[in-house]
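Asker: Let me give you the structure first, and then I'll get to my questions.
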Amino acid sequence: MDERTTCLVIGGGPAGMVLALLLARAGVEVTVLEKHADFLRDFRGDTVHPSTLQLLDELGLGERFAALPYSTVEEVVLPVGADESIVVADFRRLSVRHPYVAMVPQWDLLDLLADAAREEPSFTLRMRTEVTGLIRESGSVRGVRYRTADGTTGEIRAALTVACDGRWSIAHGQPDLPLREFPVGIDAWWFRLPRLPGDRPAALTPRAAAGRFAVVIPRTDFLQIAYIGPKGTDPQLRERGIERFREDIAELMPDFRDRVDTLASMDDVKHLDVRVNRLARWHVDGLLCIGDAAHAMSPVGGVGINLAVQDAVAAATLLAGPLRRGAVSPSELAAVRGRRLLPTVVVQSLQRLLHRGVVEPIVAGRRMGPPAPALALLRRVPQVSRLPAYLIGVGLRPEHAPDFARRPAARA
Ligand SMILES: Cc1cc2nc3c(=O)[nH]c(=O)nc-3n(C[C@H](O)[C@H](O)[C@H](O)COP(=O)(O)OP(=O)(O)OC[C@H]3O[C@@H](n4cnc5c(N)ncnc54)[C@H](O)[C@@H]3O)c2cc1C
């Protein structure tokens with residue numbers, strides 16, 4: 001027998017869980033299928049920006065969030081030569097309720113959202129359930145096929161399917177959803193080092209040397225490092241082995257020489273194939289793509305989660321009414337892209353500019369810091385650092401919780 005739901009969400013990442021929570025609060029029957037058994041994934045992106053913190057407050061989840069283990073980042077600093085650095089984004093200059101980026105394990109945030117959604121009777125989350133295909137009839141999407149961890153297969157039909165399944169979305173194979181890729185010259189490698197008493201930077205502190213670049217992200221009990229290098233060099237990096245890698249890190253960040261030995265093997269260093277792309281259209285009849293499924297972002301600025309969340313809020317705001325009535329038209333689906341395209345294009349354009357103007361010249365060994373005019377401006381007018389802080393932390397067209405999803409603050 002066919003299973004049915006009103007809104008079928010593929011993927012329980014930030015986009016999927018926020019969308020499902022909001023729709024469930026609107027009384028829409030919503031089912032999330034998530035292929036993993038839990039939300040535990042290392043280095044999934046752990047930056048929760050002022051816009052998302054404000055949204056959590058509006059949803060009545062601010063106090064629960066505050067009870068999670070998180071550290072805060074108040075500024076982004078860029079290296080200028082060997083011993084000097086400059087603040088390029090100062091979140092403390094923002095007139096927002098939370099003028100910082102909260103660094104929280106993504107699984108804690110997803111657990112919090114899932115717990116809140118479970119309070120709604122119309123919400124269902126099915127873990128270990130992988131979507132294996134879309135059901136398409138006469139061009140329209142009518143639901144999905146799935147397989148569970150124990151090998152059970154089935155179909156779920158839905159008035160609307162929303163692909164929130166990330167940068168390798170199942171929707172990308174559809175011929176009527178062409179994906180535009182933008183060239184990127186860098187890749188990232190993530191690893192952690194112990195955090196010792198004494199090193200307590202409240203800033204994202206990149207380190208640069210000829211041909212090398214890394215960003216140190218202070219976490220509650222460790223340091224998370226993003227090492228940036230030329231695209232396509234992961235095989236060579238692994239071939240050279242962990243000792244050479246440790247030596248690279250110690251040269252780039254001499255203050256961490258005492259702890260690079262904690263990297264036991266290259267298995268401790270996770271490769272991120274950096275991609276920037278977006279779908280030319282985000283929907284076909286019966287299917288909408290949001291979050292990374294609609295637009296993969298570079299890790300520069302750590303905006304991926306926050307844009308995915310904003311897409312979800314916009315989608316819930318625009319589609320809750322039609323879903324309550326049981327049907328969503330293509331023009332209502334197109335309105336979601338219409339609302340979110342500008343913020344997405346602006347952020348991706350800025351990321352590509354920063355790749356070309358700052359990160360790639362450092363990685364290629366051509367320069368050690370930001371371009372000279374930008375540096376001169378930041379030195380002369382430090383208040384300028386408010387603008388990048390706003391674009392990263394709040395963004396264009398910040399979304400707010402619709403009335404149907406707002407709740408008073410609940411005690412943690
Ligand atoms: C290594 C790394 C570091 C990053 N660092 C940052 C950062 O610091 N800050 C930041 O903002 N962003 C960062 N990002 C990007 C960020 O993780 C994404 O932009 C954000 O998570 C997008 O959210 P999403 O919900 O659209 O997709 P995802 O978070 O990718 O979630 C997709 C979900 O769908 C599930 N799924 C996939 N396919 C299927 C299927 N067929 N069936 C069922 N379930 C499926 C996945 O298991 C996953 O849970 C990073 C990404 C990576 C890979």
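Asker: Inspect all residues belonging to region 59-70 and state whether any of them is more than 11 Å from the ligand (Cβ to nearest atom) and within 23 Å of Trp189 (Cα to Cα).
Answerer: Within region 59-70, one or more residues are more than 11 Å from the ligand (Cβ to nearest atom) and within 23 Å of Trp189 (Cα to Cα).
Asker: Looking only at helices (runs of 4 or more DSSP H) that fall completely inside region 42-137, which ones have 3 or more residues that are closer than 30 Å to Leu354 by Cα and not charged (D, E, K, R)?
Answerer: It comes to 50-58, 106-118.
Asker: Can you go through Arg324, Arg356, Arg281 and tell me which one is among the basic types (Lys, Arg), under 30 Å from Pro373 (Cβ atoms) and surrounded by fewer than 23 Cβ atoms within 10 Å (Cβ to Cβ)?
Answerer: Answer to the selection: Arg356.
Asker: Looking at this structure, is Glu181 acidic (Asp, Glu), within 25 Å of the chain's Cα centre (by Cα) and more than 18 Å from Val73 (Cα to Cα)?
Answerer: It is true that Glu181 is acidic (Asp, Glu), within 25 Å of the chain's Cα centre (by Cα) and more than 18 Å from Val73 (Cα to Cα).
Asker: Only one residue in Leu263, Leu272 is under 19 Å from Gln236 (Cβ atoms), more than 16 Å from the ligand (Cβ to nearest atom) and in contact (Cβ under 8 Å) with a residue 40 or more places away in the chain. Which one?
Answerer: Leu263
Asker: Say whether the condition of being under 20 Å from the mean Cα position of the chain (by Cα) and at pLDDT 90 or above is met by at least one residue in region 376-384.
Answerer: Within region 376-384, not a single residue is under 20 Å from the mean Cα position of the chain (by Cα) and at pLDDT 90 or above.
Asker: Going by the structure shown, is Val73 under 19 Å from Thr205 (Cβ atoms), of a type in the set (Val, Ile, Thr) and surrounded by 19 or more Cβ atoms within 10 Å (Cβ to Cβ)?
Answerer: Criteria met by Val73.
To keep it simple, each residue is scored yes or no on (1) of a type in the set (Asp, Glu); (2) under 28 Å from Tyr100 (Cβ atoms).
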{"site": "Thr148", "(1), (2)": "no, no"}
{"site": "Glu155", "(1), (2)": "yes, no"}
{"site": "Leu177", "(1), (2)": "no, no"}
{"site": "Pro183", "(1), (2)": "no, no"}
{"site": "Arg207", "(1), (2)": "no, yes"}
{"site": "Ala214", "(1), (2)": "no, yes"}
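Asker: From Arg195, Arg212, grab the single residue that is touching a strand residue (DSSP E or B) at 6+ places or on another chain (Cβ under 9 Å), farther than 20 Å from Val358 by Cβ and surrounded by fewer than 20 Cβ atoms within 10 Å (Cβ to Cβ).
Answerer: Only one candidate qualifies: Arg195.
Asker: Does region 293-307 contain at least one residue that is within 8 Å of the ligand (Cβ to nearest atom), more than 18 Å from Arg397 (Cα to Cα) and not hydrophobic (A, V, I, L, M, F, W, C)?
Answerer: yes
Asker: Go over the candidates Thr47, Thr52, Thr6 one by one and state the one that is away from the ligand (no atom under 14 Å from the Cβ), polar (S, T, N, Q) and farther than 15 Å from Asp403 by Cα.
Answerer: Checking each option against the conditions leaves just Thr6.
Asker: Specify the residue that is nearest to Thr129 (Cα to Cα); the eligible residues are those in region 143-181 that are buried (at least 21 other Cβ atoms within 10 Å of the Cβ) and hydroxyl-bearing (Ser, Thr, Tyr).
Answerer: Tyr146
The values are calculated or read from the model by the stated rules, or taken from the named source; none is laboratory data. The structure presented is a predicted model; accordingly, all values stated were derived computationally and were not measured. Note that each Cβ is placed from the backbone with ideal geometry, even for glycine, and that neighbours are counted across all protein chains shown.
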